Amino acid sequence: MNADIRVTDDPAQAAAELLASAGGHVAITGGSTPRLAYERAAELREDWSGVDFWFTDERCVPPDHEHSNFGMAERALLSRAEGATVHRMRGELGHEDGATAYENELGEFGPDALDLILLGVGPDAHICSLFPGDDALGERERLVVGVETPGMAPLVSRITLTLPVVNASRQVVFLVTGEDKAEAAARVFAARPDPRAPGSLVEGDVIALLDPAAAARL
């Protein structure tokens with residue numbers, strides 16, 4: 001991967017600034033570090049008119065469930081993002097019907113609709129809900145698919161964007177923090193593309209925001 005790697009003591013702030021300056025179609029992800037970035041982005045910008053928010057993936061739970069990516073993003077940012085349009089993955093429909101519904105919604109704008117996508121990296125180097133060894137990682141035709149059994153906890157079914165959609169985004173921003181992500185970061189950013197490290201398969205205009213702990217093995 002040919003990424004613009006930026007090591008900073010406060011990568012969440014750097015991500016917040018990129019989000020606050022974004023326009024068009026923006027896909028956001030789940031996780032504790034993104035939550036901080038979303039809270040700060042909400043403070044940086046009040047009027048989000050012209051922004052369509054999408055999701056990289058979602059657990060198949062209701063939107064008010066503690067494991068819902070939407071629920072977290074709603075509390076941190078979306079409820080304060082005046083003027084924005086939000087496209088929620090309906091996890092409560094289940095992984096198959098939820099994926100079909102989201103694929104139809106995204107398909108109205110085209111497979112290359114995303115202007116910016118924010119990604120995290122799991123300890124196993126997964127992105128979205130594209131886990132090593134899962135059939136979803138090899139999908140090249142569909143925009144959105146269901147994942148019946150994810151590769152890590154919580155072990156609930158998921159809905160996820162596919163790799164072609166990620167790679168068609170005009171800009172990809174990784175946000176990776178913590179010592180426990182150092183090995184995964186090395187596999188993603190400092191090694192050859194490898195399906196055993198799904199993040200390493202991302203292509204295009206990539207910015208990687210890491211703290212020193214996550215960047216320790218680069």
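The values are calculated or read from the model by the stated rules, or taken from the named source; none is laboratory data. Computed from a predicted structure; not experimentally measured. Here the Cβ is made from the backbone with ideal geometry for all residues, glycine too, and neighbour counts use every protein chain on show. SASA here: full protein model, heavy atoms, side chains in, ligands and nucleic acids out. Shrake-Rupley method; radii C 1.70, N 1.55, O 1.52, S 1.80 Å.
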Checklist outcome for this item: Whole-Hz Karplus couplings 3J(HN,Hα) for the range 35-52, θ = phi - 60° and coefficients 6.51, -1.76, 1.60, Gly and Pro as x, run 4, 4, 4, 5, 4, 6, 4, 5, 6, 7, 9, 9, 9, 9, 4, x, 10, 9
Next on the checklist: Given R₀ = 41 Å, what would the calculated FRET efficiency be for S21 paired with E96, taking r from the Cβ atoms and rounding to 0.05?
Outcome noted: 0.65
Item to check | Relative contact order of the chain, pairs being alpha-carbon contacts under 8 Å that are 6 or more residues apart, as % | outcome: 26
Next on the checklist: I'd like the projected area of the chain, averaged over all directions, using the convex hull of its alpha carbons. Report it in nm² with one decimal.
Outcome noted: 10.1
Item to check | DSSP-loop trypsin sites (Lys or Arg not before Pro) across the range 128-218, with at most 15 other Cβ within 10 angstrom | outcome: R140, R170, R196, R217
Item to check | Antiparallel DSSP beta bridges within the range 87-189, as percent of all bridges there, nearest 5 | outcome: 60
Checklist outcome for this item: HN-Hα couplings for the range 119-131 via Karplus (6.51, -1.76, 1.60; θ = phi - 60°), in whole Hz with x for Gly/Pro, come out as 10, x, 10, x, x, 8, 6, 7, 10, 6, 10, 9, 9
Checklist entry - the range 1-100: which GluC sites (Glu not before Pro) are DSSP loop and have at most 12 other beta-carbon atoms within 10 angstrom? => result E46, E66
Next on the checklist: At 1.4 Å probe radius, can you tell me the per residue accessible area of the chain in Å²?
Outcome noted: 43
Item to check | Within the range 1-128, percent of DSSP bridges classed antiparallel, to nearest 5 | outcome: 0
Checklist entry - Once fully extended, how much extra length lies between S32 and E148, figured as 0.36 nm per residue of separation less the alpha-carbon to alpha-carbon distance? => result 39.4 nm
Checklist entry - Counting only DSSP beta bridges with both residues in the chain, what percent are antiparallel, rounded to the nearest 5? => result 30
Item to check | Residues in the range 96-117 reached by a label modelled at E141 [backbone nitrogen below 19 Å; 7 Å Cα→Cβ] | outcome: 96-108, 110-112
Checklist entry - If we sort 200-206, 32-38 on the protection proxy, mean other Cβ atoms within 10 Å, highest first, what's the order? => result 32-38, 200-206
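At a 1.4 Å probe radius, carbon and sulfur cover how many percent of the accessible area of the chain?
Using a 1.4 Å probe with all protein chains present, the chain comes out at 44 percent carbon and sulfur.
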